[in-house]
Amino acid sequence: MLSSYDVLIVGAGVAGPALAYALATKTCNKRDAPLRIALLERSLSKPDRIVAELLQPGGVAALRKLGLESCLEELGSVSLLGYHVLRGEQGICAPFPEGHDARAFEHGEFIMALRDRARRAPNIDMIETAVTGLIEDESTHRVIAGGQPESHFADLVILADGSLSKFRTAVLGHMPYEPSQRGYLAGLIVKDLKLAGAQYAAPILNALETSRVRRVPHYYLPPTKQGEYSKAGAFLLGDSLNMRHPLTAGGMTVALNDVVILSDLLANIESFGNWNEISVVLRKWHHMRKPLASTINTMSMSWAGIFAAEGEAFDIMQEGAFKFFGKGAEYSKEPMSLAAGITHSPLLLARSSLAIAFYSIWVLFTHPRPGKKSAPQFYEYPLLLVKALNVIWTIGIVMGPVMWAEM
């Protein structure tokens with residue numbers, strides 16, 4: 001007998017279980033009959049990888065809005081007050097704005113906690129199965145099911161199957177951007193390591209390996225508007241729609257914020273089979289998610305481009321940024337608020353990045369360069385001016401394409 005649901009969600013990573021839970025709890029009292037939701041996942045075993053181990057303060061706030069904050073307590077997450085940034089033998093603390101904290105945890109434990117909450121929500125069936133294709137109505141070409149080998153029919157199909165999604169082209173058709181792999185995120189577990197700052201996240205450059213190294217590819221994919229020209233009956237969510245560099249640990253914050261906005265909009269839908277209503281919701285969602293998503297996406301990609309690259313202009317900006325953050329909380333507050341997902345403004349990010357770039361230029365002219373004891377002399381200024389112009393040009397080259405893609 002074929003199973004039929006109101007909503008079918010493919011993928012039980014972060015976004016899938018969170019949305020299933022939100023729809024079940026936000027809509028159950030607003031409809032004549034409770035929603036029937038199916039959450040499909042290829043493997044319901046605990047994920048074994050090191051990725052998304054930190055949830056930014058903005059993500060914690062989103063989790064709280066969804067009523068899922070208890071997941072953080074159940075898995076024993078650790079509160080983090082900011083970053084301890086290391087550069088050579090020097091270190092500085094960059095705190096989050098007062099009253100905000102991030103949470104660190106084991107990724108697999110967090111996913112299992114989200115799945116458990118979704119499993120216990122009303123009218124959600126969690127099914128372990130591989131969805132290899134979409135089934136369309138022969139006359140309308142609307143997506144009506146996910147299946148092969150087992151079919152599950154629904155009024156609405158939501159595809160949250162991650163960075164390697166098989167359904168992007170089927171749903172979006174011609175895509176203005178394709179996922180581009182930008183490298184790998186590698187991680188290992190180090191036990192009994194004493195950190196320089198308590199409750200501060202720190203990048204570890206040298207450590208003894210106490211577990212195998214886990215390597216995960218990371219991609220960049222700007223979001224595409226859905227609902228108007230995309231395939232009727234289905235839409236993408238999470239990394240299947242939008243990806244960014246993991247440097248700022250903002251992926252889960254974007255996904256959970258998407259779920260907050262989307263679930264609020266879908267809560268007012270009477271029939272999930274009415275694609276005209278769903279299309280309006282998707283277009284609203286596309287614009288409402290932009291302030292946060294564009295800020296985090298642009299920041300992660302541009303900062304990764306600056307701090308992971310080599311070259312004189314990048315060296316100047318790296319040194320300037322380190323000294324900028326080292327001047328105290330009043331200087332780091334704005335960029336840290338942006339990275340934390342607390343402040344949602346791409347324009348403010350551009351201003352903050354330019355402020356750091358100009359401060360880097362000021363450092364170039366007034367601070368001793370590596371290997372020298374005194375600041376540059378006046379006769380060196382013409383050459384330094386050329387280097388300063390190169391810094392401005394470089395930050396434009398790094399940030400400009402990402403900001404354009406995120407518009």
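The values are calculated or read from the model by the stated rules, or taken from the named source; none is laboratory data. Note that the coordinates shown come from a computational prediction; the quantities given were computed from them, not determined experimentally. Note that we place each Cβ from the backbone using ideal geometry, even for glycine, and neighbour counts take in every protein chain shown. The accessibility values were calculated without ligands, DNA or RNA, using every heavy atom of the protein model including side chains. Shrake-Rupley method; radii C 1.70, N 1.55, O 1.52, S 1.80 Å.
Taking first residues from segment 221-243 that are within 15 Å of VAL280 (Cα to Cα) and partners that are open to solvent by less than 10 Å² (accessible area, probe 1.4 Å) and at pLDDT below 95, the Cβ contacts under 8 Å between residues at least 6 apart in sequence or on separate chains come to LYS231/VAL143; ALA232/VAL143; GLY233/VAL143; ALA234/VAL143; PHE235/GLY227. Take the conditions (1) among the aromatic types (Phe, Trp, Tyr); (2) farther than 28 Å from ILE269 by Cα; (3) modelled with pLDDT of 95 or more; TYR219 misses just one of them, which is (3). Pull up segment 359-407, narrow it to residues that are small (Gly, Ala, Ser) and open to solvent by 60 Å² or more (accessible area, probe 1.4 Å), then point me to the one that is farthest from the chain's Cα centre (by Cα). Per the criteria, the residue is SER374.
Taking segment 249-259 as the range and being touching a helix residue (DSSP H, G or I) at 6+ places or on another chain (Cβ under 8 Å) and either open to solvent by 10 Å² or more (accessible area, probe 1.4 Å) or outside any helix (DSSP H, G or I) (or both) as the test, the residues that pass are GLY250, GLY251, MET252, ALA255, ASN257. Note on segment 220-239: among residues that are in contact with a Leu (Cβ under 9 Å, 6 or more places away or on another chain) and assigned to a strand (DSSP E or B), the one that is nearest to LYS166 (Cα to Cα) is LEU236. Out of the helices (runs of 4 or more DSSP H) lying entirely within segment 15-75, which hold 2 or more residues that are open to solvent by 10 Å² or more (accessible area, probe 1.4 Å), in contact (Cβ under 8 Å) with a residue 60 or more places away in the chain and within 24 Å of GLU98 (Cβ to Cβ)? Result: 57-65. Within segment 224-248, track down each residue that is open to solvent by less than 20 Å² (accessible area, probe 1.4 Å) and touching a helix residue (DSSP H, G or I) at 6+ places or on another chain (Cβ under 7 Å). Residues satisfying the conditions are GLN226, GLY227, SER230, GLY233, ALA234, PHE235, LEU236, LEU237, GLY238, SER240, ASN242, THR248. Could we say that ALA24 is of a type in the set (A, V, I, L, M, F, W, C) and out of contact with any strand residue (DSSP E or B) (no Cβ under 9 Å at 6 or more places or on another chain) here? Answer is no for this residue.
Being under 25 Å from TYR220 (Cα atoms), at pLDDT below 90 and either in a loop (DSSP other than H, G, I, E, B) or not small (Gly, Ala, Ser) (or both) narrows it down to one of GLU310, GLU334, so name that one.
The unique qualifying residue is GLU310.
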